[in-house]
Amino acid sequence: MYVVLALAVFFYIAYRLYLHFFPPPDINPSGKYVLISGCDSGFGHELAIQLDRKGIHVLAGVYLSENKSKLQNELSANATVFHLDITKQQDIDATYDLVRKKTNTLHAIVNNAGIGIPGYIDWTSLELMRQTMDVNFFGHVAMTKAFLPLLISKRYSRVVNITSIAGIVAAGNMAAYSASKFALEAFSDCLRREMTPWGLHVSIIEPGFMRTPIVQDLNKTFDDFCNKLSTDAQERWGKDYLKEHFQGRAVNLFIKYAEDPMKVVRALEHAVTSTKPSIRYRPGWQATFIFFPLSCVPACVLDGILNYMNKSRLLPAFVDKQLKD
């Protein structure tokens with residue numbers, strides 16, 4: 001048994017080294033069209049720039065209309081920038097009409113748009129949970145279904161979905177976000193297996209914490225944090241507990257040492273342009289060496305590790321009261 005495992009590890013490492021030193025060639029970018037959502041900032045913005053430089057026709061959707069001219073000025077005349085809210089079917093339909101006027105075939109769609117608002121389940125409104133699922137899951141499903149005919153009009157096109165380490169490890173304080181990313185992981189796996197006869201590549205990007213607006217926006221004021229909680233929830237957990245939880249974000253090592261987002265952009269670029277894209281990419285040390293291994297351990301062990309990492313010196317107000325009574 002140990003010999004088999006050792007051989008498996010050896011051949012896997014040898015294979016990875018071979019790919020590193022002898023990577024497969026890239027596609028010919030001539031005449032290729034790539035549709036990207038969420039290009040206002042972060043991964044989508046940088047990917048649009050990188051692909052445009054390679055000579056690919058970039059179709060970049062931005063959520064805020066005021067970001068259109070800024071991005072268009074950074075891209076060549078081959079690129080098209082337009083408003084896109086992936087939660088609105090009329091925007092998706094308008095985007096389809098725009099793309100259809102330019103090409104009958106899409107080389108790739110990159111489902112990048114996303115939101116991430118942390119919070120315990122007891123603190124998160126049902127409205128916010130639905131909003132998170134609408135953007136991070138149903139919006140990407142709607143985009144993929146709408147453009148699937150243009151993707152499979154030729155073989156070896158690809159769908160690239162950005163999930164997260166939160167899509168393989170469901171830590172506390174990330175219920176809405178994790179649920180949406182787990183759902184997108186499952187959707188991606190099903191799509192890849194169903195579309196095998198068409199030769200459609202489906203790649204999943206699973207980054208850890210990166211220096212993007214989503215991570216940087218976590219450190220708002222305590223008042224902003226509390227205002228999102230119902231009065232009942234604030235009473236149940238207590239102001240002291242909530243304040244300690246909020247202050248803990250500033251010392252969270254994964255947030256403090258968030259990684260270079262270009263690691264994700266390079267993975268996205270490979271998934272779009274390589275003749276042999278990978279099924280899963282885990283850019284950065286957090287995803288590769290911490291969260292992926294954690295996803296493989298038994299649930300009871302993972303519970304213990306995550307509970308220890310998030311351990312508070314205080315008890316929620318109502319728990320403290322119950323113990324005293």
Report every pair of residues separated by at least 6 positions or lying on different chains whose Cβ atoms are under 7 Å apart, first residue within region 297-325 and within 17 Å of residue 239 (Cα to Cα), second of a type in the set (A, V, I, L, M, F, W, C) and surrounded by 13 or more Cβ atoms within 10 Å (Cβ to Cβ). 316/237; 317/237
Number of the exception - residue 283 against (1) outside any loop (DSSP other than H, G, I, E, B); (2) under 15 Å from the mean Cα position of the chain (by Cα); (3) crowded, with 20+ Cβ neighbours inside 10 Å: (1)
Within the group 283, 293, which residue is free of Cβ contacts under 8 Å to residues at least 24 places away in the same chain and closer than 28 Å to residue 262 by Cα? 293
Count of region 181-208 residues which are among the small types (Gly, Ala, Ser) and in contact (Cβ under 8 Å) with a residue 40 or more places away in the chain: 4
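If I ask for residues that are within 19 Å of residue 271 (Cβ to Cβ) and in a loop (DSSP other than H, G, I, E, B), which ones from region 32-53 would you list?
Within region 32-53, 32, 37, 38, 39 qualify.
Residue 169 - would you say it is crowded, with 17+ Cβ neighbours inside 10 Å, under 15 Å from the mean Cα position of the chain (by Cα) and closer than 22 Å to residue 274 by Cβ?
Values: crowded, with 17+ Cβ neighbours inside 10 Å: yes; under 15 Å from the mean Cα position of the chain (by Cα): yes; closer than 22 Å to residue 274 by Cβ: no.
No: the conditions fail for residue 169.
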Every residue in region 107-161 that is in a loop (DSSP other than H, G, I, E, B), surrounded by fewer than 22 Cβ atoms within 10 Å (Cβ to Cβ) and either without any contact (Cβ under 8 Å) to a residue 40 or more places away in the chain or touching a strand residue (DSSP E or B) at 6+ places or on another chain (Cβ under 6 Å) (or both), please. 118
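Does region 70-106 hold any residues that are in contact (Cβ under 8 Å) with a residue 60 or more places away in the chain and assigned to a loop (DSSP other than H, G, I, E, B), and which are they? Walk me through how you get there before you give the answer.
Step one: filter region 70-106 for residues in contact (Cβ under 8 Å) with a residue 60 or more places away in the chain, giving 95, 99, 102-103, 105-106.
Across region 70-106, the qualifying residues are 103, 105, 106.
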Scan region 218-253 for residues that are of a type in the set (A, V, I, L, M) and in contact with a helix residue (DSSP H, G or I) (Cβ under 6 Å, 6 or more places away or on another chain) and report the count. 3
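If you take the residues in region 80-99 that are charged (D, E, K, R) and closer than 19 Å to residue 45 by Cβ, which one is nearest to the chain's Cα centre (by Cα)? I'd like the intermediate steps shown before the answer.
In the first step, residues of region 80-99 are kept if they are charged (D, E, K, R); the result is 85, 88, 91, 93, 97.
With the extra rule that they be closer than 19 Å to residue 45 by Cβ, the set shrinks to 85, 91.
Numbers: 85: 17, 91: 21 Å.
Looking at the filtered set, the residue picked out is 85.
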crowded, with 18+ Cβ neighbours inside 10 Å, within 24 Å of the chain's Cα centre (by Cα) and within 30 Å of residue 50 (Cβ to Cβ) - does that describe any residue in region 295-310? no
Against the conditions (1) within 18 Å of residue 207 (Cα to Cα); (2) over 17 Å from the mean Cα position of the chain (by Cα), where does residue 146 fall short? Just the number, please. (1)
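A short reminder: the numbers here are calculations on the coordinates, not readings from a lab. The structure displayed is predicted, hence computed values, not measured ones. Because the Cβ atoms are built from the backbone with ideal geometry, glycine has one as well, and the counts that use them run over all protein chains shown.
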